[in-house]
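Visitor: The structure follows.
The values are calculated or read from the model by the stated rules, or taken from the named source; none is laboratory data. Just so it is clear, the structure is predicted and the values come from calculations on it, not from any experiment. Ideal geometry is used to build each Cβ from the backbone, glycine not excepted, and the neighbour counts take in all protein chains shown.
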Amino acid sequence: MNMRTPKRLAGVLLAVLSLNLVTPGPAGAGNFPTPVGTDPAGDWGNGAPGGAESGQDLLKAYIGRRDKDTLEFILRVEALPPREEAYALFAVYEWYFTVDGSYDMGFYGPCQAHAYGDCASTTDPLAFVLSDFSRGVNYMLTAELDYDRQQIVFPIPLDALGASSGSIISPRPATSHDPKAAVAAHTVYFVNQPPNGTVTPRDTLVINRNYRIR
């Protein structure tokens with residue numbers, strides 16, 4: 001029996017595992033993003049049907065470093081619609097936060113679900129808008145759908161955040177329908193308040209952990 005074969009196989013496996021740890025992969029993969037919030041399954045629209053099918057039943061939120069210049073804000077959902085229906089998702093995601101306690105920021109989109117503000121000028125259905133409310137500046141960026149993990153990935157450059165290594169991303173209680181939640185998923189984007197005070201079915205997620213950029 002050749003006793004060196006298992007050792008060689010172990011060495012190959014170790015090399016492969018090491019390669020996977022440092023090689024960039026699909027959106028959110030290989031970077032070990034940090035979980036910053038969770039939400040129960042099945043509570044979209046107070047239990048109304050359709051949340052999972054539309055990609056709006058929030059489960060987990062993560063923040064991670066994609067590369068030296070970019071962070072990923074990641075929302076995992078109960079399910080994404082089939083690939084061929086992805087561009088008829090009609091889901092809007094909002095996430096509000098502060099950077100180092102002074103920059104008041106948030107993003108909303110993808111633009112496929114509405115045509116408000118900067119979204120009216122884009123032709124990319126997965127475009128989303130990052131707003132720096134403290135400076136009155138908007139950035140148009142592009143989200144990604146990760147079907148392997150049933151999640152939506154929002155890549156955001158550090159420059160747009162005014163952040164660098166050591167900066168802290170903290171939640172901001174900014175959703176008008178749930179003051180405890182910094183993340184919301186719903187069907188149609190309304191400016192400030194829905195018409196006539198109505199509330200569309202939605203799911204909210206509480207961010208309960210800060211993220212320090214490493």
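Visitor: Given the criteria over 27 Å from residue 167 (Cα atoms) and among the hydroxyl-bearing types (Ser, Thr, Tyr), does residue 134 qualify?
Guide: Here the answer is no, as residue 134 does not meet what is asked.
Results for (1) acidic (Asp, Glu); (2) closer than 19 Å to residue 146 by Cβ; (3) in a strand (DSSP E or B), shown as yes or no for each residue.
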| residue | (1), (2), (3) |
| --- | --- |
| 41 | no, yes, no |
| 55 | no, yes, no |
| 60 | no, yes, yes |
| 63 | no, yes, yes |
| 75 | no, yes, yes |
| 84 | yes, yes, no |
| 93 | no, yes, yes |
| 96 | no, no, yes |
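Visitor: Between 177, 186, which is in contact with a Lys or Arg (Cβ under 8 Å, 6 or more places away or on another chain) and at pLDDT 75 or above?
Guide: 186
Visitor: I want to confirm something. Restricting to region 88-120 and keeping residues that are modelled with pLDDT of 80 or more and surrounded by fewer than 17 Cβ atoms within 10 Å (Cβ to Cβ), which single residue is nearest to residue 202 (Cα to Cα)?
Guide: Filtering region 88-120 for residues that are modelled with pLDDT of 80 or more and surrounded by fewer than 17 Cβ atoms within 10 Å (Cβ to Cβ), the one nearest to residue 202 (Cα to Cα) comes out as 104.
Visitor: With respect to residue 32, is the statement that it is surrounded by 20 or more Cβ atoms within 10 Å (Cβ to Cβ), among the aromatic types (Phe, Trp, Tyr), modelled with pLDDT of 80 or more and outside any helix (DSSP H, G or I) true?
Guide: So residue 32 does not fit the description; no.
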